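Novice: This is the structure I have questions about; it appears just below.
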Amino acid sequence: MMFYEIEFPLAALNSGEVEAALLEIGASSITFTDRGDEPVLEPKPGEIRLWNDTLVRALFDDSHDAARGIGHLASRLGPHITAAASVRAVKTQDWERVWLADWKPMRFGRRLWVCPTAADPPQDPDAVVVRLDPGLAFGTGTHPTTALCLQLLESLPLSGRSVIDYGCGSGILGIAALKLGAAHVIGVDLDPQALLATRENAIRNGVSSRLETQGVPAALRPAQCVVANILAGPLIELAPVLTAACEARGDLILSGLLKTQAYAVKAAYTSAFDIVQVVGRDDWSCIHARRAS
């Protein structure tokens with residue numbers, strides 16, 4: 001089967017109306033992408049924030065007529081769509097194989113690996129492997145903020161310890177902690193889809209009996225290690241919550257912040273924590289702190 005793709009700039013159009021119009025003409029998928037290089041940082045819970053220069057791409061199978069589809073879009077969204085939209089053919093591919101060709105197993109620290117579920121395991125007898133595929137929740141290890149957290153977790157003595165993964169996303173950090181020897185993990189997130197993804201990924205990795213999930217707000221028992229890979233603003237706002245969640249002499253890992261935001265985040269925690277180190281990758285930072293006695 002052949003597919004084709006209709007592409008046009010969002011400009012001043014309403015994204016919800018565009019999505020509805022594309023679904024009416026049978027779009028199989030709809031993607032909003034950045035035409036420039038504009039980061040979208042710190043959206044509020046439930047907020048969908050798009051770029052100032054956004055491109056809309058919609059995929060259709062060959063049972064739909066492209067010219068008729070563009071005509072319908074023009075009637076719904078405005079006649080300028082006729083001139084702005086472009087159409088191109090898309091060959092059918094085994095998208096899973098294409099994606100696997102681009103994403104190889106990744107190592108963090110000395111022995112922690114994150115691998116796609118269908119990939120061969122690393123040839124390392126000491127490897128600790130987390131199996132994870134991209135899904136609807138954030139976190140596969142490819143983003144610097146996640147990678148920095150995994151690197152720090154791998155360096156900590158987690159055996160037998162309790163861990164809180166605050167803003168768990170896909171559950172990658174909590175699952176990695178369990179694979180590294182943690183006794184129990186609580187994954188916390190405000191997104192129900194993230195909690196579902198975390199539970200499913202824990203089952204896939206054989207650690208579900210030692211992982212539980214909680215929504216926000218969560219009544220948390222203090223843990224010996226707390227990791228929060230979210231964003232600078234929420235990290236500052238959550239300082240009282242995350243401080244109370246960390247036992248005395250416990251480890252705290254904070255990530256999701258730009259290097260320019262590290263000072264402000266550290267300042268929110270220095271009254272209760274000693275800063276052990278700040279590590280960075282590209283424009284991002286990760287803070288490792290230890291709770292004072």
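Novice: Can you confirm whether the stretch 141-158 contains a residue that is at pLDDT below 70 and buried (at least 17 other Cβ atoms within 10 Å of the Cβ)?
Specialist: Yes, the stretch 141-158 has at least one match.
Novice: Quick check on my filter: what residues within the stretch 61-79 are touching a helix residue (DSSP H, G or I) at 6+ places or on another chain (Cβ under 8 Å) and under 18 Å from Glu19 (Cβ atoms)?
Specialist: Across the stretch 61-79, the qualifying residues are Ile70, His72, Leu73, Ala74, Arg76, Leu77.
Novice: Go through the stretch 178-188 and count every residue that is touching a helix residue (DSSP H, G or I) at 6+ places or on another chain (Cβ under 6 Å) and open to solvent by less than 20 Å² (accessible area, probe 1.4 Å).
Specialist: Here the count works out to 3.
Novice: Taking the stretch 198-225 as the search range and keeping residues that are free of Cβ contacts under 8 Å to residues at least 40 places away in the same chain and of a type in the set (S, T, N, Q), which one is least open to solvent (accessible area, probe 1.4 Å)?
Specialist: That would be Gln214.
Novice: Just give me the residues in the stretch 231-250 being surrounded by 21 or more Cβ atoms within 10 Å (Cβ to Cβ), over 11 Å from Ile287 (Cβ atoms) and under 23 Å from the mean Cα position of the chain (by Cα), in sequence order.
Specialist: Leu242, Ala245
Novice: It is to be established whether one or more residues within the stretch 122-133 are among the aliphatic types (A, V, I, L, M), in contact with a Cys (Cβ under 6 Å, 6 or more places away or on another chain) and modelled with pLDDT of 85 or more.
Specialist: Looking for residues that are among the aliphatic types (A, V, I, L, M), in contact with a Cys (Cβ under 6 Å, 6 or more places away or on another chain) and modelled with pLDDT of 85 or more, one finds at least one in the stretch 122-133, hence yes.
Novice: Considering only residues that are loosely packed, with under 13 Cβ neighbours inside 10 Å and in contact with a helix residue (DSSP H, G or I) (Cβ under 8 Å, 6 or more places away or on another chain), which ones fall in the stretch 251-284?
Specialist: Across the stretch 251-284, the qualifying residues are Asp282, Asp283.
Novice: Further question: If the Cβ limit is 7 Å and pairs must be 6+ apart or interchain, which residue in the stretch 245-265 that is farther than 22 Å from Ala218 by Cβ and among the aliphatic types (A, V, I, L, M) pairs with which residue that is open to solvent by 10 Å² or more (accessible area, probe 1.4 Å) and not in a strand (DSSP E or B)?
Specialist: Sorted first by the residue in the stretch 245-265, then by its partner, the pairs are Leu258/Asp283; Ala264/Ile236.
The values are calculated or read from the model by the stated rules, or taken from the named source; none is laboratory data. Please read all numbers here as calculations on a predicted model, not as lab measurements. Positions of Cβ are backbone-derived with ideal geometry, glycine not excepted, and every protein chain shown enters the neighbour counts. Ligands, DNA and RNA are excluded from the accessible area calculation, which covers all protein heavy atoms including side chains. Shrake-Rupley method; radii C 1.70, N 1.55, O 1.52, S 1.80 Å.
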